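The values are calculated or read from the model by the stated rules, or taken from the named source; none is laboratory data. All values derive from a computational prediction rather than experimental measurement. Don't worry about glycine lacking a Cβ; one is built from the backbone with ideal geometry, like all the others, and counts go over all protein chains shown. Heavy atoms of the whole protein, side chains included, go into the accessibility calculation; ligands, DNA and RNA do not. Shrake-Rupley method; radii C 1.70, N 1.55, O 1.52, S 1.80 Å.
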Amino acid sequence: MSRFDIRKRDGLARIGVFQDQSRSISLPAALETGALFPDLSRQAFSNLPLAAPAPFVEEFAPDPDARPIIIHPHLPSRAPGGECVMVPNWHTAFFNPRSYVDWLVNLKEKTAPDTVWYAPASALPSTVHILCYSGFDLFDFIAVDLKSAQGTFCMTEGELPADAMESGICQCPGCQAGNLREHNRQALVREIALVARFIALGQLRELVESRCRMHAGQVAILRHLDNRYDFMEKRLPVGRAGVMLATSGESMQRAEIRRFTERLLARYIPPKSEVAVLLPCSAKKPYSLSQSHRKFQAAVAGRAHELIVTSPLGLVPRELETVYPAMHYDVPVTGYWDAEECAVISSVLARYFAKFRYRRVIAHLEGGALRVARMAAEECGILLECSCTENPAGSAALNSLDAVLAGERRIKDDRIHGMASWQFGCDLDTKGMVLRGHYPEVFYSRNNLQLFSIDTGTGLLRPTIDGWNLIPEGYRVVIDDFIPEGDVLAPGVVTADPAIREGDEVLVAGPRALAVGKAAVSGEEMVQLRRGVAVRVRKIKKVQG
Ligand SMILES: [Zn+2]
């Protein structure tokens, strides 16, 4: 029996090891797949066109016992976890980005998550990044060898005539020997190694956003995939520790960006405050450590709920400024906001203010952010007071901000309440809770009982077992009648909340033990997978019974 041990995920992309009786193969990789799968050379109907109609596919169905197992949009996917599946003719999908994404979603949704995905004759140095991003792991040299036979020099940026090899663009051994076939193969191997490195870093999206610029079809694939928000979102981690580069038009549509907003509008509970003040963002994160925000906070002096207007996230309440990706994004700052940014962000603000009604909304903004706030105010029918129109951190503007807030009451600073509502969808009772430690190493306790700490990488709350007692429902992983020794493995999971994403804090609950930890995979996958870690456990407590 074969198996696929997934070591690291980044959305649909994976790094892992495929093992059968005799071999152990690190993926992603390009290999001589004819040798790997002898059935490939003798299997009938292994070349089904992706666009073939259902009756045709049923009539010429491939042999279900041959390896790799052929999957097709019109066939049920019977491949068990650990097997390798192949999508014939995937290279033709590039000609139609909309179908590419329709077929991919269809196939991914019905195939076990721990299958190896082989795209035959598809990988070029210029396409393999988006193939990995789409969840393919295994490739061959057929496409690059064909390019060599056609006299085409392959680069990650695209394909050039063969004489480009003599122009000094590449210094690989193939180029030095004047061997086009060798260069093209090496260029593919090198690009796969680079893609694997970016998967390991959790920055494949950034690499793909950069690489796809040279190919209109690839940009279209990225956009169509982003439009499948529900499909993408459940496959993306809830937090990352590194920088999130939001440097392209597509960044705004990234599911992790949209998830922040969706949770803001669906789960988040603001503090009891009748006055909101809109503030500009700062390059330094979290905002409150920047010079400008120290000044804003001194001027506001707790008399209003602080909301930061920012691209691409839209709106970040002060309590959520350390939560991924609010503390992690990096954008090119020009002061200019384009029409799409303005439209997307003003609609976030409009939806927010339509849901949460404040007595006063004060815009302490300038430029694009002020324009967006005005658009939003008009859209949701609220009156916007402006405490400045330029240089919000200047002394004139700060004095004006102080003056417009004169007479307003101080509101209770309840950061953990806002964070818990966003992360767990709960209305946390924070009465008597105190904050200890120094940012970012802080924890919350009550009567000397520690309840929550904060993950310094992702900014997410980490409840202790006592902390979980305050979160009435959700984010539970139910296990069998055993006491975990270390991490909880997928076969031990009975049910898991489908809202759980990779990286979420979860409570493991079974008849004999409670445990707290971090989800290694989504709740859906915890139930589907037959092997591998489901929850990385931090603390276990035996249940007396
Ligand atoms: Zn070369």
The chain - percent of accessible surface contributed by carbon and sulfur, probe 1.4 Å: 52 percent
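Excluding ligands, DNA and RNA, what is the solvent-accessible area per residue of the chain at a probe of 1.4 Å, expressed in Å²?
Using a 1.4 Å probe on heavy atoms only, each residue of the chain averages 43 Å².
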Label-point separation, N469 to D145 (7 Å along Cα→Cβ), nm: 6.6 nm
Estimated translational D of the range 172-241 in µm²/s (Stokes, Kirkwood radius over Cα pairs; 37 °C; 0.692 mPa s): 228 µm²/s
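Assuming 0.692 mPa s and 37 °C, estimate D for the range 234-276 with Stokes-Einstein, Rh taken as the Kirkwood radius over Cα pairs, in µm²/s.
Details: Rh = 12.6 Å.
For these conditions, the coefficient is 261 µm²/s.
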q = 0.11, 0.19 Å⁻¹, the range 397-545: log10 I(q)/I(0) [Debye, one scatterer per Cα]: -0.48, -1.13
Size descriptor, Kirkwood hydrodynamic radius, that averages inverse alpha-carbon separations across the chain, Å: 25.8 Å
Full-stretch length increase - S99, R512 - with 0.36 nm per residue and alpha-carbon distance subtracted: 143.8 nm
Value of Rg to Rh for the range 352-400 (Rh from inverse mean 1/r over Cα pairs, i.e. Kirkwood): 1.00
Whole-angstrom gap from the range 392-446 to the range 129-174, using each part's C-alpha centre: 54 Å
Under Karplus coefficients 6.51, -1.76 and 1.60, residue-wise ³J(HN,Hα) of the range 418-425 in Hz, glycine/proline x: x, 5, 5, 5, 5, 7, 10, x
Among 272-283, 56-67, 390-401, the order from most to least packed when residues are scored by Cβ within 10 Å on average: 272-283, 390-401, 56-67
R371/F60 FRET efficiency (R0 56 Å; Cβ-Cβ; nearest 0.05): 0.45
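What ranking, highest mean first, results for peptides 436-447, 252-263, 352-363 when packing means the other Cβ atoms within 10 Å averaged over each residue? Show your work: numbers first, answer last.
Details: 436-447: 13.9, 252-263: 20.5, 352-363: 18.2.
Listed from highest to lowest mean packing, they are 252-263, 352-363, 436-447.
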Furthest towards positive pole of dipole, M1, L12, V87, structure part the range 1-115, Cβ charges: L12
Rounded D (µm²/s) - the range 1-119, Kirkwood Rh over Cα pairs, Stokes-Einstein at 4 °C, 1.567 mPa s: 87 µm²/s
By average C-beta atoms within 10 angstrom, highest first, the peptides 112-121, 451-460: 112-121, 451-460
Student exercise, the range 308-443 dipole from Lys, Arg, Asp, Glu Cβ charges, in Debye to nearest 20: 580 debye
Centroid-to-centroid separation of the range 327-369 and the range 480-512 [C-alpha atoms, Å]: 39 Å
